[in-house]
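**Student:** Pasting a structure below so you can have a look.
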Amino acid sequence: MNRMALNRLILLFFALSFLVASLDASEGEADPIYKACLAECEKSGCVGKRCFQHCKFSSDGKPIDGPWYFQEPLYQKWKQWDCQSDCRYHCMLAREEQREKLGDKPVKYHGKWPFQRVYGIQEPVAVAFSALSLAMQFHGWISFFILLNYKLPLRPDKRTYYEYTGLWHIYGILAMNFWLWSAVFHSRDVELTEKLDYSSAVAYIGFSLIVAIIRAFNVRDEASRVMVAAPLIAFVTTHILYLNFYKLDYGLNTKVCMAMGVTQLLIWGIWAGVTSHPSRWKVWLFVLGGSLALLLQIYDFPPYKGFVDAHAVWHAASIPLTYLSWSFVRDDAEFRTSALLKKVK
Ligand SMILES: [Zn+2]
């Protein structure tokens, strides 16, 4: 890779870190009309002509009027289908409808864009793309498994010739785990699903950084691999514990994920620039697509027609990127296996 390309990558890195710093906070919940609607709704249990069953109960689950056996079932409290979430959703829709008539752009409420629910699913488009990404990950992982175990020759002790088999298996499992919780979280956004989504995203991004370093630098012996992985696993674990048990800090988490994401794109980009690997163009394409996808995370535009926002497009972009990455991994397994076999002969 030449100097120019390297300089460009460094520039991109700085541009990205500058943009991360300029992410802004939500304003919808500060709107006085929205606030008045919420206060009214929690008192009367209605927004306009719509009234909510959950508002017949006070926030601790005790019925406001009626005997004890009308207590709200525990599972509904656990799912957080309560008066507050019904009121927030319908006040938001009512306010957004007014704003749209006045020609105002959508604003965020409690940190989230206003989405239209479909059959109770909060972000149906993001759910669909997460499910498709999950399917694509599964396909990629299975085809990698079949290639290594049934198509390529194995060592006399039945192990694969390819040195990175175990790493890609863990990568595949963490990726599928992430897409599963992403689909769940976008269906129903409560504290538990949000923590599961964020934690599995951090684990997935963190582990893919480890794979990037080990593969790009050809780290093959066990001791050096542990030297690379141990500090990163310690960092990622600490960060996940911090998010779950101390503070779910969105700003900090965005920075951590961005830093790990940009670093692995840089590593892959530079590697693809210097290597003579026959499938390096796939890595280049992945780095290009991955950088554009990262930009989507930063230019966080509101949902079009209440459905497709930047985050959903980002999940859509993951589908071809997933295909591309597994396609490279399969090529790499074949390439390394034949190189090792040539050495043996
Ligand atoms: Zn998501």
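Here, each number is a calculation from the coordinates, and none is a lab measurement. Note that the structure is a prediction, hence the values are computed from the model and not measured. We place every Cβ from the backbone using ideal geometry, glycine too, and count neighbours over all the protein chains shown.
**Student:** Over 10 Å intervals from 0, what percent of Cα-Cα pairs in segment 216-345 sits in each interval?
**Tutor:** Spelled out per bin, shortest first, that is 10, 29, 35, 19, 6, 1, 0.
**Student:** Same structure, new question: In terms of modelled amide H atoms, which long-range or inter-chain residues lie less than 5 Å from the amide H of D309?
**Tutor:** Those lying under 5 Å, H to H, from D309 are Y304.
**Student:** Something else: What is the distance, in nm, between label points placed 7 Å from the Cα along the Cα-to-Cβ direction at L340 and at E100?
**Tutor:** 5.7 nm
**Student:** Nothing charged except the Cβ atoms of Lys and Arg (+1) and of Asp and Glu (-1): what's the magnitude of the dipole of segment 119-342 about its Cα centre? Round to the nearest 20 debye.
**Tutor:** Numbers: 17 positive and 15 negative charges, 149 e Å.
In total the dipole reaches around 720 debye.
**Student:** Please arrange T337, T165, T322, T275 by how many other C-beta atoms lie within 10 Å of their C-beta, fewest to most. Intermediate values should be presented prior to the final figure.
**Tutor:** Working: T337 20, T165 17, T322 23, T275 14.
Neighbour counts put them in this order, fewest first: T275, T165, T337, T322.
**Student:** Starting with the highest mean, order 323-330, 299-306, 211-218 by the number of other Cβ atoms within 10 Å, averaged over the residues of each peptide.
**Tutor:** Details: 323-330: 20.6, 299-306: 13.9, 211-218: 16.8.
Descending mean neighbour count gives 323-330, 211-218, 299-306.
**Student:** Let me ask you something else. Counting only the backbone N, which residues of segment 305-345 are under 20 Å from the spot 7 Å out from the Cα of K151 toward its beta-carbon?
**Tutor:** Answer for segment 305-345: 320-342.
**Student:** More than 23 Å apart: what percent of Cα pairs in segment 102-201 qualify? Before the final figure, lay out each step's value.
**Tutor:** Details: 2226 of 4950 pairs.
Looking at segment 102-201, the distances longer than 23 Å represent 45 percent of pairs.
**Student:** Using 10 Å bins from zero, what percent of all Cα-Cα pairs in segment 119-342 falls into each bin?
**Tutor:** 8, 31, 37, 18, 6, 1
**Student:** Quote the FRET efficiency, to the nearest 0.05, computed for T275 versus E222 with a Förster distance R0 of 35 Å and r equal to the Cβ-Cβ distance. Each step should come with its number before you reach the end.
**Tutor:** Details: r = 23 Å, r/R0 = 0.67.
The calculated FRET efficiency here is 0.90.
**Student:** Picking from V202, A230, A131, whose Cα lies most toward the positive end of the charge dipole for segment 119-342 (charges on Cβ: Lys, Arg +1; Asp, Glu -1)?
**Tutor:** Positive-end residue among those listed: A230.
**Student:** May I ask which of K43/K195; K35/K112; K49/K195; K112/K305 have a Cα-Cα span longer than 27 Å here?
**Tutor:** Beyond 27 Å between Cα atoms: K43/K195; K49/K195.
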